[in-house]
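Structure first, then comments.
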Amino acid sequence: MLWPKVRGFVPGPDREIVATYPYRNACPTAVWSRLFDGAKREITYAGYTNYFIWQEQPRMPERLAAKAAAGCAVRFLVGDPESEVTRRREQIEAVPLTVSTRIQITLDALSRIEGDDVKARLSDGHIALSVFRFDDEMLVTPHLANLLGHDSPLLHLRRRGSGGLFDRFAEHVEALWSEARPVPTTA
């Protein structure tokens, strides 16, 4: 070490990186729970299917409804199950639990949440990148080639100032959200 007595904040572009995981599913479920439970202002799930959330976190519909009722903005950005982008991704993955089925599971779970406080939109612009925001922390998964989301790496970020990695990913999600389409209602 050049300066062994220097501790604490070290400036640099990586100052927002809290942790990295070689696989999304290597991030402990306790981290996901802590981030969710601690969020007061904003929760955004901008994963293409968001399917794993319903499998790995207990009572998510009730927890999401409670967060929204407490004034937390809760949003889901999911892929369009009917789009050509989704069909191409299904061919690449070639797994029995298809992308469109995983999206439909998320849309079904969201449709069962009472009230209109949990927002959802469709977008195909995030097929290769998932961003999960919890106030000033986020989990980001850049999807690799033909791998499923759980097999891709994950970055845990914490916002430390303007213009960093956190803000770059947040701006990406906001741009996608503004161009996304409403989820069609079923009669």
- request: Mind checking the per residue accessible area of the range 70-187 for me, 1.4 Å probe, whole number of Å²?
  value: 51 Å²
message: Please identify the DSSP H helices in the chain that span no less than 20 Å along the helix axis (Cα) and have a mean Kyte-Doolittle hydropathy of -1.0 or more.
response: 165-179
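Count the DSSP beta bridges whose two residues both fall in the chain, then state the antiparallel fraction as a percent rounded to the nearest 5.
70 percent
Treating the beta-carbon of each Lys and Arg as +1 and of each Asp and Glu as -1, no other charges, what is the dipole magnitude of the range 28-187 about its Cα centre, to the nearest 20 debye?
Its charge dipole is roughly 320 debye.
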field: Virtual spin-label span in nm between Val95 and Glu62, 7 Å along Cα→Cβ
entry: 2.8 nm
message: Taking just the alpha-carbon atoms of the range 61-182, what radius of gyration and Dmax come out, in angstrom?
response: 15.0, 43
field: Computed [θ] at 222 nm, deg cm²/dmol, the chain (DSSP H ≥ 4; -39,500 (n - 2.57); rounded to nearest 500)
entry: -10500 deg cm²/dmol
query: Of Leu148, Gly163, Val85, which is farthest along the charge dipole of the range 75-171 in the positive direction, counting Lys and Arg as +1 and Asp and Glu as -1 at C-beta?
result: Gly163
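The values are calculated or read from the model by the stated rules, or taken from the named source; none is laboratory data. Model, not experiment: these values are computed from the prediction. Backbone-built Cβ (ideal geometry, glycine too); neighbour counts: all protein chains shown. These accessible areas exclude ligands, DNA and RNA; they are computed on the full protein's heavy atoms, side chains included. Shrake-Rupley method; radii C 1.70, N 1.55, O 1.52, S 1.80 Å.
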